[in-house]
Amino acid sequence: MDKIKVIGGAQLNGTIPISGAKNCALKLMCASLLTGDSMYFENSPNTLRDMRSQVELLEYLGCAVKREDDMMAINAGNIKTYTAPYDIVRKMRGSILVLGPLLARFGEAKVSLPGGCAIGTRPVDLHIKGLEELGATITLEEGYIHAKAPAGGLQGAKILFPKVSVGATENLMMAATLANGTTVLANAAREPEITDLGECLIKMGAKIEGLGTDTIRIEGVKSLHGARHSIIPDRIETGTYIIAAGMAGGTVRLKNARIDDLSAVLGHLSQAGIEVEKDGGDIIVRREIERLRGVDIMTEPHPGFPTDLQAQFMAMLCIAEGAGLVTETIFENRFMHVPELSRMGADISVQGNSAIVRGVPTLKGAEVMATDLRASVALVLAGLVADGETTVNRIYHLERGYEDIVGKLSACGANIKRISGE
């Protein structure tokens, strides 16, 4: 089994390039199914495990996919099946987002219920209910979602989400682009990744208003065409390396990073003692004080504190002065990194969906096990500042969402290496 070994204590100094956002790229790949023309994506994080899984699915459906460096070209002009099989979809939850595009363009789709990180229940009922409101007939049989559009195609509707859902907003926004009439998505998610998807759809000929707000209006069109789109920088990768630099000390420049997408995080970082400065298209990060301070955070839908940075922030609190309260409101099972951090000497008490983290002077290197994508990178960050050697096992989680993390951290002075299993 592949693993990462980290010897803590080194400061980080240098430059880290920020990759294109995985959570954008995966959705944009699904949007390619809405047209028979070629789509071209720049700044694409092509080496990620999740990207490879999505390519596998699109090629199974009949798409032609070409990847070179950070470019990707997709042509869905010769789709041969409308079925997304369990063997591929189980690897990654984002595969559910082929459902809306296939249904909208071809009138039917059969998609396996998805897999992904074990961080709690993430039901697809909002996707299904929304597509039914657009006129689809949907049945669940043997672990598959069977969806069929009426003879005249999907019909526009006003859809009120009972709770904010990023995936459902994306799936229904894509489906609505080819529906008859106007669709209104109320209580829609507002993440930057949704805005990026919407802007790409507009380049393809879609008519969409309200991106970045909780009410998105889509006027359906007969067909969409090909386009070229540059994927936005990954805000979660950016936040992760900001926290890493703050924990380890030193000065790090993050190339091609958008500070505005982290507005909910910046205040907490400043409180903790991390200085984040915008410099053109880059961000410069340094620690302002000898020892970081404890800070309270609560995860919320955007524009609140992102759940995908909760584990990394908790790792930082483990070595901060004083205590910090971490409250998780998005996923009910996203504290699985706590036992592993505790193995390294962290002082964390969990009660329900909250954790009190009392900072300790130093963590101790240990052998730890990654349980999900963000938990795995939190363990790497803890290893950067721990005494001795930390071994992070099951790093296939990490490689789902971080491009060349070993190379990027090594270039800034970290003592870190990847060990291939037998």
Are any of the residues in the stretch 103-116 surrounded by fewer than 17 Cβ atoms within 10 Å (Cβ to Cβ) and modelled with pLDDT of 95 or more?
yes
So which residues in the stretch 140-150 are surrounded by fewer than 22 Cβ atoms within 10 Å (Cβ to Cβ) and modelled with pLDDT under 95?
Leu140, Glu141, Glu142, Gly143, Tyr144
Tell me, yes or no, whether the stretch 49-63 has at least one residue that is among the hydroxyl-bearing types (Ser, Thr, Tyr), buried (at least 24 other Cβ atoms within 10 Å of the Cβ) and more than 30 Å from Ala366 (Cα to Cα).
no
For the stretch 226-244, which residues satisfy the criterion of being in contact with a Lys or Arg (Cβ under 9 Å, 6 or more places away or on another chain) and assigned to a strand (DSSP E or B)?
Ala227, Arg228, His229, Pro233
Listing of strands (runs of 3 or more DSSP E) fully contained in the stretch 28-105 that carry 3 or more residues being aliphatic (A, V, I, L, M)
71-75
Could you tell me which of the residues Gly324, Gly352, Gly345, Gly304 is in contact with a helix residue (DSSP H, G or I) (Cβ under 6 Å, 6 or more places away or on another chain), free of Cβ contacts under 8 Å to residues at least 60 places away in the same chain and over 19 Å from Arg235 (Cβ atoms)?
Gly324
Looking only at residues that are surrounded by fewer than 15 Cβ atoms within 10 Å (Cβ to Cβ) and closer than 18 Å to Arg93 by Cα in the stretch 123-139, which one is modelled with the highest pLDDT?
Asp125
If we keep only residues of the stretch 271-297 that are out of contact with any helix residue (DSSP H, G or I) (no Cβ under 9 Å at 6 or more places or on another chain) and under 19 Å from Glu237 (Cα atoms), then the residue surrounded by the fewest Cβ atoms within 10 Å (Cβ to Cβ) is Gly280
Residue by residue through the stretch 220-272, note down the ones that are modelled with pLDDT of 95 or more and of a type in the set (Ser, Thr, Tyr).
Ser223, Ser230, Thr238, Thr240, Tyr241, Thr251, Ser270
Pull up the stretch 180-204, narrow it to residues that are in contact with a His (Cβ under 7 Å, 6 or more places away or on another chain) and charged (D, E, K, R), then point me to the one that is surrounded by the fewest Cβ atoms within 10 Å (Cβ to Cβ).
Lys203
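The values are calculated or read from the model by the stated rules, or taken from the named source; none is laboratory data. Not measured: the values here are computed from a predicted model. Here the Cβ is made from the backbone with ideal geometry for all residues, glycine too, and neighbour counts use every protein chain on show.
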